[in-house]
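Note sheet for the following structure.
The values are calculated or read from the model by the stated rules, or taken from the named source; none is laboratory data. Every value quoted in this text rests on a predicted model; they were computed, and no experiment measured them. Virtual Cβ from ideal backbone geometry, glycine too; neighbours counted across all protein chains shown. Calculation scope for accessible area: heavy atoms of the full protein, side chains included, ligands and nucleic acids excluded. Shrake-Rupley method; radii C 1.70, N 1.55, O 1.52, S 1.80 Å.
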Amino acid sequence: MNSIKLTAMTLGLIAAGAFAQTTPAPQTATQPAQQPEALPNPQPPAPPQATEVTAEKKGPEFKISGKAEFDAYGDLNMEDNNKFMHSYTSKVDVDVNVKFNDSWSAFVEIEADGDLEKPSVYYNKAFVTYTINENTSFKFGDLTFSEGAFNFYKFDDQGVNAAGMREHDIRGLEFNYFGLQLGLGFGRHNNDAPCGKFTDCPEEIGKSYDAHAAYQFEIDGHTFRPYIHYKSWQNDKANELHTGLDANLALGPFDIHTVYGLHVDRLTKSNPNGTHAFLIEPALNLDGFQLKTGFFFAIFDDDLALATIHGDEIPEYKFAYGEADFTINDALTLGCVIEWHTNTIDSDRELGTLELGPRAYFSPVNNLDIKGFAKAILPLGDDWESLTHGQWVSTKDYGKELNLSFGVETVFKF
C-alpha cells in the first residue's frame, strides 16, 4: 500500500516538473517576462528596398507655330482694252522654338514667300538665345534688324519698305539689356549683295559687316526708340548709315506713330547726299469705330543721281491716306479707304493717283483673318501722258486711264 502511494507521488512530481518547463512563470513588476529563444534561420535577410528614384532626364521642349497666307488680286485697266488681269501672292512661315532649359533656347524659321501661287520653300534663319533674366539676353546666329516700319497696309512689309530702315540680315551676335539692343555681324542674304549703283564699288561679296544699336524706353506711356545702323563693305566708297527715331504716343483715344529716318551712303564722300524721311500716322480708337490716317514725305536731292536711294526702301516721295472702320460684330468690320500717292521719288514729276474704295475684315474664328477690298484708282498729273513715263514710276504704272482693283487676302495662324 505504501509502495503504491510512493509510486503515485513520484509520478505526480514528474508531471509537475514537466508542466513547469513548458508553462512560463507569471510576470511580476520586478521580474520581466523571459523572451522566447529565436529559432534558427538558415536564409539570409532580404536586402532593404531603395527609397530614392532616379529622375528621368527630359529632352528639349519643342513648339511649332507659324502662319500661311494666300492672296488673289484682280486688276482692270481701262486703257488696256478692258482686260481683266489676275495675280497672286503666297506665304508660309513655319517657326520652331526649342527650349533646352530656363536659360538656353533656339529658334528656326522656314519660309516660302513670293508673287506666285506656289513659291519655293527655303531656310530663312536660325539663332540661339541665352537668357539671364527677363531683361537681359544674348543671341547668336542669323539675326534681322529693321526700324521705322509703316503701319500703312500697302507698305507694311519691312523686308521691302520702311521709313527708317528695311530689314538687314546678318550672321552674328546680339545683346539685349533693359531696352538696349546691340548687334554686330557679317552681311547675309540680300544684305550681302554688292553695293548697288556705284560702278567703283567692290564687286566681291562676303566682305560686308553691319553694326546696329537701338534703345527703346517709355515715358508716361509714350514709347521712344532712337537707333543707328552702320554697314560697310570695308571700302571708303562703300558704306551706308541709317539713323533716326521711331516713337509711339498714347494720348487717350489717340495713338500717334511717328518716324524720322536719315539714309546716307558714302559717309566720307561728298555725294550722294542724305535722304530724310518723315512719317506720322495718327489713329483714333473708339468703341466700334476706328480711324487710321497717315502722311509721309521724303526729301531726296534734287539731282537723283546724287541722292541716297536704297532700292524700294522708300517707295515714293509723298503719300497720304485715311481709313474709317466700323465694327459690326466680333467677326465683321466694314470700312472704306481713301489714298493719295505720288508714285515716284522724283518730285519734279506729276504721276499722282487718287485711290478709294470699300474694305471688309472678317474673322469668324480666332487665328483666321480674311480681308477683301475693291478700289478705283484715278490717275492725276500730266506725266502719265508721256510715252516715257514708266522710267519715273517707283510704285506701279497705272497709265492715264481709270483702274479698278479687287483683292482677297486670307491669313491663318497655327
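Which of the numbered conditions does Thr353 fail, given that it passes all the others? Conditions: (1) assigned to a loop (DSSP other than H, G, I, E, B); (2) in contact with a His (Cβ under 7 Å, 6 or more places away or on another chain).
Going through (1) assigned to a loop (DSSP other than H, G, I, E, B); (2) in contact with a His (Cβ under 7 Å, 6 or more places away or on another chain) one by one, Thr353 breaks only (1).
Looking at the range 275-303, which of the residues that are open to solvent by 50 Å² or more (accessible area, probe 1.4 Å) and aliphatic (A, V, I, L, M) is nearest to the chain's Cα centre (by Cα)? Steps first, please.
Filtering the range 275-303 down to residues open to solvent by 50 Å² or more (accessible area, probe 1.4 Å) leaves 276, 278, 280, 285-287, 289-292, 295, 297, 299, 302-303.
Remaining after also requiring aliphatic (A, V, I, L, M): 280, 286, 291, 299.
Values: Ile280: 23, Leu286: 28, Leu291: 26, Ile299: 31 Å.
Selected residue: Ile280.
Give the range 96-122 a look and list any residue that's open to solvent by 30 Å² or more (accessible area, probe 1.4 Å) and either at positive phi or touching an Asp or Glu at 6+ places or on another chain (Cβ under 6 Å) (or both), or say none. Outline the logic, then answer.
Initially, the range 96-122 is screened for residues open to solvent by 30 Å² or more (accessible area, probe 1.4 Å), giving 96-97, 99-105, 107-108, 110, 113, 115-118, 120-122.
Lys99 - this is the single residue of the range 96-122 that is open to solvent by 30 Å² or more (accessible area, probe 1.4 Å) and either at positive phi or touching an Asp or Glu at 6+ places or on another chain (Cβ under 6 Å) (or both).
Starting from the range 285-297, keep only residues that are under 12 Å from Thr333 (Cα atoms) and in a strand (DSSP E or B), then list their pairs with residues that are open to solvent by less than 60 Å² (accessible area, probe 1.4 Å) and charged (D, E, K, R) whose Cβ atoms are within a distance under 6 Å, requiring at least 6 positions of separation or different chains.
Every condition considered, the pairs that remain are Gln290/Asp325.
Inside the range 328-345, can you point out the residues that are more than 29 Å from the chain's Cα centre (by Cα) and loosely packed, with under 14 Cβ neighbours inside 10 Å?
Just the residues of the range 328-345 that are more than 29 Å from the chain's Cα centre (by Cα), to begin with: 328, 338, 340-345.
Scanning the range 328-345 gives a single hit, Ile328.
Has the range 255-268 got any residue that is assigned to a loop (DSSP other than H, G, I, E, B) and in contact with a Gly (Cβ under 8 Å, 6 or more places away or on another chain)? Lay out the reasoning, then the answer.
Initial filter on the range 255-268 (assigned to a loop (DSSP other than H, G, I, E, B)): 266-268.
Still in the running and in contact with a Gly (Cβ under 8 Å, 6 or more places away or on another chain): none.
Looking for residues that are assigned to a loop (DSSP other than H, G, I, E, B) and in contact with a Gly (Cβ under 8 Å, 6 or more places away or on another chain), one finds none in the range 255-268, hence no.
Just the residues that are surrounded by 18 or more Cβ atoms within 10 Å (Cβ to Cβ) and touching a helix residue (DSSP H, G or I) at 6+ places or on another chain (Cβ under 8 Å), please, taken from the range 366-398.
Asp383, His389, Trp392, Tyr398, listed by residue number.
Has the range 348-365 got any residue that is surrounded by 14 or more Cβ atoms within 10 Å (Cβ to Cβ) and of a type in the set (S, T, N, Q)?
Taking the range 348-365 and keeping what is surrounded by 14 or more Cβ atoms within 10 Å (Cβ to Cβ), we get 349-353, 355-357, 359-363.
With of a type in the set (S, T, N, Q) added as a condition, the list becomes 353, 363.
Yes, the range 348-365 has at least one match.
For the range 123-157, which positions are surrounded by 18 or more Cβ atoms within 10 Å (Cβ to Cβ), within 14 Å of the chain's Cα centre (by Cα) and closer than 21 Å to Tyr227 by Cα? Spell out how you get there, then give the answer.
Of the residues in the range 123-157, the ones surrounded by 18 or more Cβ atoms within 10 Å (Cβ to Cβ) are 124-125, 127, 129, 139, 141-150, 152, 155.
Narrowing further to those that are within 14 Å of the chain's Cα centre (by Cα): 124-125, 127, 142-147, 149.
Result: Asp142, Leu143, Thr144, Phe145, Ser146, Glu147, Ala149.
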